[in-house]
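Here's the structure, in C-alpha cells; my notes come after.
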Amino acid sequence: MTNCSKRKISGHLPIAVSLVLAGCTGSQSTLDPAGQEAAEVHHLFVVMVIGGGFIWLAVIGLLLHSCRGQRQTWSEEGAGRLIAWGGVAFPGVVLFALLVYAVWLMPSVRPWLARTVPEPTQIEVTGEQFWWRIRYPAEDGVAGFETSNELRLPVGERVAFSLRAADVIHSFWIPSLGGKMDMIPGRTNVLSLLPTRTGVFKAPCAEFCGTSHTYMAFSVVVMEREAYDDWRRKQASGHQPEGSEGERLFIHHGCAACHSVRGTTPVAALGPDLTHFAERETVGAGTLANTRENVGRFIRDPSAIKPGAQMPAFDMVPQGEIAAISEFLAGLR
Amino acid sequence: MRLFPKEVESLWTLFTGPSIWAAHFLGCSIAVAVYCEKAGEAPITFAQMRLFLVLITLLALAGIVLSAWLAWRQWGFGSGDPPHDAPTREDRLLFQGFATLLLSGLSFVAVLFVAVPLVLIEACQP
C-alpha cells in the first residue's frame, strides 16, 4: 500500500467512525435506551456482541495459528481433544448459558405477565394505512379522548398498549423504549413499556404495510407526570371554536367529514383526529416537519408526499384558502 | 431372561435418541399450547404443569442416557478408535455404536435446550 493511499484511508477513518457511531444515539436508536425494556434488550445486545467478539477472536487466532507453517504437528489424540473440547463442549456450554440468559431476560422484557406489576393504564393504538389512531382511556376524572400520530407518556410509569390494525398488518415499535409487537387485523395484542427518561422519540411502523410504509411513524413525547396530566386535561377538553376564516373553510371544504377537531367540528373518525394538531412534531404521520408550508403542501396533494394515502388531493381549492386552513391548523394548540 | 439383549443389531437403535428428542419437543410444545388455550378450564395450575414437564424432561433424559449406554456397549466401551470403515460386520456394528453414542449426546443437549424455556417461562401470554 502506498503512503498516499494510507493517508487517504487514515483521513477518511474519523469520518467513517463518526458516521457509524452517529447511529448509536438519537431519537430512534435501540442503542440509546430510554425505557426499561429497551435497556434490557440493549444489555442483551452488548453481552452478545462482546461474547461473540471474544469467540471470533479465538477462532481467528486459531485459524492464523494453524496457517503458520513449519510448526510441530499436533498428535491425533491432541487434535481429537481440541475438537471435543473446543468444538463440542465449549459451544454446547456457551450456547446453553446464552439461552438460559436470554430466556431468563424474557419476563423483564414482557413484564406485564408477572403478577407483581400493577395493572397499567391501557392506551389503544390502531395502525391504519398510513397513520396511527391513539385512544386514551378516562383516568382520574379526566375523560378519554382520541388523538393521532403522537403518543404522550408519563415518565417512570408502566403503560400498556392494546394494539390493533384496521386494514393490514402493521407493527408497533418505539426503539428507544422497547417493543416491538405486531398489530394484526381482528386481534388485540398487548405490549407494556416503562419509559425511564423524558424526551421526544420516533417510532416507525416495523412491518411493511403498503406503498407509504416508510412514511408511517409517530412521535413519542415522554413527559413528567404533572405536564402529562395538564396535557391530558387540555386534550380532553378539546378546542373552542374561534369562528376564524380557516375554521369556516375547514368545514366548508369537507375536511371535517373525515377529521375531528373536538369541540369545534362534529365527530368524524375516518381520518386522523386533528385536535391540538399544532402541538404535534410532524405532518402526515412522521413524514414532514409540522410547518404551515408543509401542511399546505399536504392538503394540496397528499399522495405526492405519501404515495397511496387515502386522503384525496385538494388542489382545486384556491391557494389562499389552503393557506387559511393551514393557518387554522397551526392555531390548534 | 436378560432385560436388554446382548447385542442389538438393528438400524433403529440409531434413531432412539433423536426420536426421544422429537417426542419430548412435540410433547412439551403441544402440552403448553393446549394448557394456555384452555387455561381457564384446566384442572391444574401453571406450576403443576411445569412440574409435569420437568418430569417428562427427566424421563426423556433417562431414555437418552440408556440409549447412550447401549450404544457405548455396542461400541465396545471405547476399546477401538473410529473410523471403523472396514467392510466387515464387526466394523459396521462398532460404527453404528459410535454414531448412536454421538447422536445420543446431541439429543441430550437438545432436550436440555428445549427444557430451558419450560423452567423459566412465567405464564401464558394473552
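Quick notes on this one:
- Exactly one residue among A:S75, A:S66, A:S29 is in contact with a Gly (Cβ under 8 Å, 6 or more places away or on another chain) and outside the structural domain of A:P204 (by TED's automatic domain parsing), and that residue is A:S29.
- Segment B:58-94, residues that are among the hydroxyl-bearing types (S, T, Y) and open to solvent by less than 30 Å² (accessible area, probe 1.4 Å): B:S67
- Some residue of segment A:218-233 being at positive phi and surrounded by fewer than 23 Cβ atoms within 10 Å (Cβ to Cβ): no
- Considering only residues in segment B:95-126 that are small (G, A, S) and away from chain A (no Cβ under 14 Å), the one that is surrounded by the most Cβ atoms within 10 Å (Cβ to Cβ) turns out to be B:G97.
- A:T126 vs. criteria under 15 Å from the mean Cα position of the chain (by Cα) and more than 30 Å from A:T25 (Cβ to Cβ): yes
- Any hit, segment A:11-33, residues being modelled with pLDDT of 75 or more, touching a Leu at 6+ places or on another chain (Cβ under 7 Å) and assigned to a helix (DSSP H, G or I): no
- Given (1) buried (at least 17 other Cβ atoms within 10 Å of the Cβ); (2) free of Cβ contacts under 8 Å to residues at least 60 places away in the same chain, number of the condition B:F52 does not satisfy: (1)
- Scanning segment A:182-204 for residues that are open to solvent by less than 10 Å² (accessible area, probe 1.4 Å) and under 13 Å from A:E128 (Cα atoms) gives a single hit, A:M183.
The values are calculated or read from the model by the stated rules, or taken from the named source; none is laboratory data. Everything numeric here is computed off the predicted structure, so don't read it as measured data. Here Cβ is always computed from backbone atoms with ideal geometry, including for glycine, and neighbour counts include all displayed protein chains. Calculation scope for accessible area: heavy atoms of the full protein, side chains included, ligands and nucleic acids excluded. Shrake-Rupley method; radii C 1.70, N 1.55, O 1.52, S 1.80 Å.
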